[in-house]
Structure formats: structure tokens, C-alpha cells
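I have placed the structure first, in the form of C-alpha cells, so that the comments after it can refer back to it.
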Amino acid sequence: MATQERFCEKCGAANTSIARFCQYCSAPLPFQHTTGTLPEETLINGRYQLEVRIGQGGMGAVYKAFDTRFNNRSIAVKINSSNSAIVSLRKLDEAASQRSIRQKTCTSIRAWLLSRR
């Protein structure tokens, strides 16, 4: 399994694929998104069919999708970009808090999934 190197734009040095700063000149390496790369029509958890990516940022990507088990109801699916267990637990806690909110102007959370990569 080959590891992909990242090259510094300032000095040209090769760095590991997970480096955030150049190991030689300490310049920040370009940010690379790891989310937002799922192909359209991906089926998640045997239930949520992705249609199109509608947004992407530093914390993840949001897709327009539909719930195949609930009359193909139109939904949004957010895929978080962090693999950290701590971040996942914080997101789970945030989702649990948001699930209790019932207002017309707030998105309701129906379910959340954690995956191990």
C-alpha cells in the first residue's frame, strides 16, 4: 500500500499525506477535503439514497437525499469530515440535543449514524 506524499508549495519538500505543516520549512500545507467525494446515488446504511451534494465546508459535506424506507421522503444527509472519536461523540451529543427542538425554522433530525473507518 503506497502512501501519497504532499509537496510544500513554498520549498517543494515532500511530506507525509497526513502532515499539516512542512517538516522542513514549517509552512502550512494546502488543505485537502476528504469529504464530498461520495458518488451520486450512493446508498447509505441500506436506506438513504444520495442524489446530489448541495454543500461542503471544513466540517463535512451535505447531500440532498431521500429515505427509501419512508416513501422516498426528501432529506438532507451530512457526512462529517473528522474520523476522531472525540469529534464523533460531540456530534452525537449535538444531534441528540437538536433532536428535541421542534420549530418550523429548524431542521429536524430523524436519525444519526456512526461508522468505523
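Every read-out reported here was derived from the displayed coordinates using simple, explicitly stated rules and does not represent laboratory data. Predicted model only: the values in this text are computed from it and were never measured. When we count neighbours, we look across all protein chains shown, and the Cβ atoms used for this are built from the backbone with ideal geometry, even at glycine.
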- [ ] Express in nm, to one decimal, how much length is gained between E41 and T68 on full extension, taking 0.36 nm for each residue of separation and deducting their alpha carbon distance.
- [x] 8.5 nm
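Mind sorting R102, R73 by how few other Cβ atoms lie within 10 Å of their own Cβ, fewest first? All intermediate terms of the calculation are to be shown ahead of the outcome.
Values: R102 7, R73 11.
Ranked by crowding around the Cβ, least crowded first: R102, R73.
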Task: Amide N of segment 35-50 lying under 11 Å from the label point, which is placed 7 angstrom from the Cα of F7 along Cα→Cβ - done: none
